[in-house]
Amino acid sequence: AIADPVSMLPGGLGREGWCNEHNTIHGRLDVIEEKVIKTVEHLESEVKSLLNMISEASNVPISPGTPLIDIYDSKY
């Protein structure tokens, strides 16, 4: 008799077990993809905010004796 190669996979996974594992992996990848997209969107927002602060700081005329603003200071 010819053995079914799928039922002979390591760990005793049958056809259903392999499909469930495959679906679980895809579900986890979907969650990771969503987190990466949200992280990239957040970082884009932060970069835009920093660029706006730099732009505003560079366009302000500075009169003599005015203290300079440190844009890298955590207060901003």
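The values are calculated or read from the model by the stated rules, or taken from the named source; none is laboratory data. On a predicted model such as this, the values are computed, not experimentally measured, just so you know. Ligands, DNA and RNA are stripped out before the accessible areas are found, and what is left, the full protein with its side chains, is counted by its heavy atoms. Shrake-Rupley method; radii C 1.70, N 1.55, O 1.52, S 1.80 Å.
Taking region 33-65 as the region of interest, how many residues are among the hydroxyl-bearing types (Ser, Thr, Tyr) and not in a helix (DSSP H, G or I)?
Adding up the residues that qualify gives 1.
This table checks each residue for (1) polar (S, T, N, Q); (2) open to solvent by less than 70 Å² (accessible area, probe 1.4 Å); (3) modelled with pLDDT of 70 or more.
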{"site": "Pro5", "(1), (2), (3)": "no, no, no"}
{"site": "Leu9", "(1), (2), (3)": "no, yes, no"}
{"site": "Leu29", "(1), (2), (3)": "no, no, yes"}
{"site": "Leu50", "(1), (2), (3)": "no, no, yes"}
{"site": "Ser55", "(1), (2), (3)": "yes, yes, yes"}
{"site": "Tyr72", "(1), (2), (3)": "no, no, yes"}
